[in-house]
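Structure first, commentary second.
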Amino acid sequence: MELTLHVSLGEGSCAKQPMSRKRSYSVLPGFGLTMGYTLTYLSLIVLIPLAALIVRAASMSLEQFWAAAFNPRVMASYRITFGTSLVAALVNSVFGFIVAWSLVRYRFVGRKLLDALIDLPFAIPTAVSGIALTAIYDRNGILGHTLFQWGIKSALSPLGICIALTFISLPFVVRTLQPALEEMDGESEEAAMCLGASRWETFRRVIFPALFPSLLTGFALAFARSLGEYGSVVFISGNLPMKTEITSLLIITKFEQHDHLGATAIAIVMLVASFAILMSINGLQWYLAKKFRG
Amino acid sequence: MDLMWKHTFGWLSLWLVSVALTGCDGSSQRGEGGVKKVQLLNVSYDPTREFYQEFNESFAAHWKATKNEEVYVEQSHGGAGKQARAVMDGLEADVITLALGYDIDVIAERTKLLPLDWQSKFPKNSAPYSSTIVFLVRKGNPKGIKDWADLEKEGIEIITPNPKTSGGARWNYLAAWGAALAKELGGMEGIRKATPEQRAAADKKARAFIESIFRKVPVLDSGARGATNSFVQRQLGDVLLTWENEAFLALKESGGDQVEVVVPKLSILAEPPVAVVDEYAKKHGTQEIAKAYLEHLYSPQGQQLAAKHFFRPNSAELISTEQMAKFAEVELFQLKDIWGSWAEAQKVHFDDGGIFDQIYQPK
């Protein structure tokens, strides 16, 4: 819920109202107070723990860090984690788009219920998702049984990881797109139609460009969420080194082997990579939004 | 409105503080009727939960009768590596009962929470009960798995947890390795007499055997219980390598019509040790009771309960012959016969870059 609010506020305020810098218009207490609170809060909750991670890693030499963070087994886990997350985020960008579209544009019986269901992957513990998915996609599961017969391994394989990640990251795309879709008034569509554009052209040249920045945000959030997922994946994945071992699992395994530094090194790589990806997607989104609106 | 909010807030903070204070309070306090209440935390490994549940009741009754104190034992279970880490990171266990000595060695070496010679503090190398590694197969043994060599058959799937995190999995691995060595060199006697060259050649064969086993493993769970669930609940694999006690428990839980236990001719003597975490016990003032708790494991009641939960008791004379009958005859070799010590086995096989890691590296 928090996320929806955040996104819609961000989008809405940028798009509609020109930013007012006059002090008298401010509704919240003064800039100093809110900014101070924001910085303290962010430091306590986010920055200090992350800094501690880096401090901990600082006791390693560069060679040690390199050996711990980039050996073949760890590299394989990065490939698996980033690869499956990318697939899950892409799948959700397509199907999440359709879901959001149907929920906003059409009125049908059970729409509210369906809308509420979207949040379920947010709300339920990831272990529950893991068990539920395993029950269906495992070799003896309802669907998995048939899929395995066709030679499709829907569990204990990278495909299984993709399924779990798609499940848990669906709400991010849908919830990010919904406000943007609701914001579209339909006038520009009508105008496009009146000017002789076909349905496909209207979608491709009018609707989609307006939605693309939100879709990109949704994609980035789904991707980021997938990178960090652990609970549901360990159930459905085979957890085999080099094949189906995700990075979060590897970090925990390192910890259980009493190798704190090794775990920290991998964690830092994940931190930096996630940050870089989010930054570049945000940058791209900002650029596109500016280009489209300006 | 403002005032009311302040009141609510005041009460709330007062309540939080009081909860925090009572929650943090130490492990002993006076209960009703002046009976002293004591709390103990036992940090254990994966498949001991059922045994310790019953054992804790037995100990509580014993302690009440001898000292008139009420003791409540909290249990924590998981893969042995994780549990050892939790204690090192500050889980204040009064006693630890882990799957293998190496994990306790690591705690002693790195944190000084207990002395390095912890293993000499209780009889029989601090191992009140032992177990071994056996096979659990599907009912009727459709794949005909009778001994270690059958694990090389093509077309079977094997379930075993990850040796990196599970103590039981390390015993599985070493049992298989030892069995392969014995096959090559002509039994345990042959291993003892082998020249270094012969041993090296046999180790090579054993490694190939281990590789062929792990090629057939579709899922690596982090602990023994997870592997049991994969095999019994999720119906994965044809054979589960596991603790004898875990195999019998799974047999009992599943009602006996789904799986059966197969005992190989030769296996490893697995001795899960116990220890008092001195520093934490001192802090909690529970040294005496923690020691008594572990000593109770060696008592007739403790040994009988261990046997009831399918652990091999260390004092077989305390157990009735019928109860002993369920433990199949099996030749057991000791870890030190082949690797000298846990530290050595750990270094060669399970540390980063060790043989287990090499198995998964692409050739």
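Rank B:188, A:35 by accessible area, highest first, at a 1.4 Å probe radius?
Values: B:188 15, A:35 80 Å².
From most exposed to least exposed: A:35, B:188.
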Completion exercise
Note: segment B:199-278, point scatterers on Cα, Debye, no solvent; log10 I/I(0) at q = 0.13, 0.21, 0.23 Å⁻¹ equals -0.56, -1.11, -1.20
Exercise for the section: Starting from the Cα of residue A:98, step 7 Å along the direction of its Cβ; do the same at residue A:193; then give the gap between the two resulting points in nm. Expected result: 2.3
Fill in the blank from the handout: Dividing the mean separation of Cα pairs under 8 Å (6+ apart) by the residue count of chain B yields a relative contact order in percent of 22
Exercise for the section: Looking at chain B, send over the antiparallel percent of its DSSP beta bridges, to the nearest 5. Expected result: 55
Practice task
Return the average number of partner chain Cβ atoms within 10 angstrom of each residue Cβ along peptide B:223-232.
Solution key: 1
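Charges only on Cβ, +1 for Lys and Arg, -1 for Asp and Glu: so what's the dipole of chain B about the Cα centre, in debye to the nearest 20?
Numbers: 42 positive and 48 negative charges, 68 e Å.
With Lys and Arg at +1 and Asp and Glu at -1, about 320 debye.
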Fill in the blank from the handout: Helix B:196-215: inclination vs chain B longest Cα principal axis, degrees, rounded to 10, gives 70
Handout entry: Residue-count net charge about residue A:264 - beta-carbon cut-off 13 Å; Lys, Arg +1, Asp, Glu -1
Key = +1
Practice task
Multiply the residue gap between residue A:203 and residue A:59 by 0.36 nm, knock off their C-alpha separation, and tell me the result in nm, one decimal place.
Solution key: 46.4 nm
Exercise for the section: Have a look at A:274, A:210, B:144 and report the one farthest towards the positive end of the charge dipole of the protein assembly as shown, computed about the Cα centre with Cβ charges (Lys/Arg +1, Asp/Glu -1). Expected result: A:210
Practice task
Taking H placed 1.01 Å from N in the peptide plane, check which residues at least 5 places from residue B:159 or on another chain put their amide H under 5 Å from its amide H.
Solution key: B:238, B:239, B:240, B:241
Completion exercise
Restricting to aspartates and glutamates and to Cα separations under 16 Å from residue B:64, and discarding same-chain partners fewer than 8 apart, the set is B:32, B:54, B:288, B:295
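For n ≥ 4 DSSP H runs only, could you compute -39500 (n - 2.57) per run for the protein assembly as shown, divide by its residues and tell me the 222 nm figure to the nearest 500? Present the calculation step by step, with values, prior to reporting the outcome.
Working: 33 runs with 391 residues, N = 657.
The helix contribution divided over the protein assembly as shown gives -18500 deg cm²/dmol.
Find the percent of Cα-Cα distances in segment B:80-236 that exceed 18 Å, and round it to a whole number. List each step's numbers first, then the result.
Values: 8176 of 12246 pairs.
Beyond 18 Å sits 67 percent of the P(r) for segment B:80-236.
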Handout entry: Estimated FRET transfer efficiency when R0 is 41 angstrom, pair residue B:153-residue A:44 (beta carbons, to 0.05)
Key = 0.10
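Taking a cut-off of 25 Å, what percent of all Cα-Cα pairs in chain A are separated by more than that?
The share of Cα pairs beyond 25 Å in chain A comes to 59 percent.
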Exercise for the section: With everything on Cα atoms, drop me the angle between helix B:101-111 and the longest principal axis of chain B, reported from 0 to 90° to the nearest 10. Expected result: 50
Problem - Of B:37/B:283; B:143/B:265; A:254/B:121; B:36/B:67; B:36/B:283, those spanning more than 20 Å from alpha-carbon to alpha-carbon - result: A:254/B:121
Handout entry: With DNA, RNA and ligands ignored, accessible area of residue B:249 (1.4 Å probe; Å², nearest 10)
Key = 20
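Among the trypsin sites (Lys or Arg not before Pro) within segment A:101-140, which fall in a DSSP loop and have no more than 13 other Cβ atoms within 10 Å of their own Cβ? Mind dumping the intermediate values first?
Numbers: sites: A:105, A:107, A:111, A:112, A:139; in loops: A:107, A:139.
Taking segment A:101-140 and a limit of 13 other Cβ atoms within 10 Å, the loop trypsin sites (Lys or Arg not before Pro) found are A:107.
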Completion exercise
In the neighbourhood of residue A:102 defined by beta carbon distances under 11 Å, the net charge of the other residues (Lys, Arg +1; Asp, Glu -1) is +2
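Using a cut-off of 13 Å between beta-carbons, work out the net charge of the residues near residue B:248 (Lys and Arg +1, Asp and Glu -1, residue B:248 not included). Write down the numbers at each step before the final one.
Working: positive: B:252, B:308, B:312, B:326; negative: B:50, B:244, B:246, B:253, B:260.
Counting the neighbours of residue B:248, the net charge comes to -1.
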Exercise for the section: Based on alpha-carbon positions alone, could you give the equivalent ellipsoid semi-axes of segment B:51-127 from the gyration tensor, as √(5λ), descending, whole Å? Expected result: 25, 15, 12
Completion exercise
Plugging the Cβ-Cβ distance of residue A:291 and residue A:114 into 1/(1 + (r/R0)^6) at R0 = 22 Å yields, to the nearest 0.05, a FRET efficiency of 0.05
Problem - Extension gain (nm, one decimal) between residue B:189 and residue B:211, 0.36 nm per residue minus Cα-Cα - result: 5.4 nm
Handout entry: Accessible carbon and sulfur surface of chain A relative to its total accessible area, %, 1.4 Å
Key = 71
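Roughly how many debye, to the nearest 20, is the charge dipole of the protein assembly as shown about its Cα centre, given +1 on each Lys and Arg Cβ, -1 on each Asp and Glu Cβ, and no other charges? Could you put the intermediate results ahead of the total?
Values: 65 positive and 65 negative charges, 342 e Å.
Computed about the Cα centre, the dipole is about 1640 debye.
Over all directions, the average projected area of the alpha-carbon convex hull for chain B comes to how many nm²? Walk me through the numbers before you get to the answer.
Working: hull surface 97.3 nm².
Dividing the Cα hull surface by four gives the mean projection, 24.3 nm².
Once R0 is set to 25 Å, what does the formula 1/(1 + (r/R0)^6) return for the Cβ-Cβ distance between residue A:272 and residue A:122, expressed as a FRET efficiency to the nearest 0.05?
Values: r = 27 Å, r/R0 = 1.06.
The formula returns an efficiency of 0.40 here.
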Completion exercise
Averaged over the residues of A:228-238, the number of partner chain Cβ atoms within 10 Å of each residue's own Cβ comes to 2
Exercise for the section: May I ask you to rank B:253, A:256 by accessible area, largest first, using a 1.4 Å probe over the protein chains only? Expected result: B:253, A:256
Practice task
Treating only the Cβ atoms of Lys and Arg (+1) and Asp and Glu (-1) as charged, compute the dipole magnitude of segment B:206-363 about its Cα centre; round to the nearest 20 debye.
Solution key: 260
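Just the number, please: buried accessible area between B and A, total of both chains, 1.4 angstrom probe, nearest 100 square angstrom.
Working: alone 17220 and 17590 Å², together 32650 Å².
Approximately 2200 Å² gets buried when B meets A.
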Completion exercise
Largest first and rounded to whole Å, the semi-axes √(5λ) derived from the alpha carbon gyration tensor of the protein assembly as shown read 52, 33, 24
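Could you rank A:232, A:248 by how accessible they are, 1.4 Å probe, largest area first? Mind showing how you got there, number by number?
Numbers: A:232 0, A:248 20 Å².
Sorted by accessible area, descending: A:248, A:232.
Roughly speaking, to the nearest percent, how much of chain B's 1.4 Å accessible area is carbon and sulfur?
On the way: 8670 of 16170 Å².
The computed percentage sits at 54.
Run through segment A:119-187 and list the chymotrypsin sites (Phe, Trp or Tyr not before Pro) located in a DSSP loop whose Cβ has at most 11 other Cβ atoms within 10 Å.
Details: sites: A:122, A:137, A:148, A:150, A:167, A:172; in loops: A:150.
The qualifying sites are A:150.
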Problem - DSSP-assigned coil residues among chymotrypsin sites (Phe, Trp or Tyr not before Pro) in segment A:211-294, each with at most 16 further Cβ atoms within 10 Å - result: A:230
Handout entry: Antiparallel bridges, percent of DSSP beta bridges restricted to the protein assembly as shown (to nearest 5)
Key = 55
Problem - Top positive-direction residue, dipole computed over the protein assembly as shown with Cβ charges, set B:116, B:133, A:157 - result: A:157
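The values are calculated or read from the model by the stated rules, or taken from the named source; none is laboratory data. All of these numbers come straight from a predicted model, not from anything done at the bench. Cβ sites come from the backbone with ideal geometry, for glycine too, and all protein chains shown count toward neighbours. These accessible areas exclude ligands, DNA and RNA; they are computed on the full protein's heavy atoms, side chains included. Shrake-Rupley method; radii C 1.70, N 1.55, O 1.52, S 1.80 Å.
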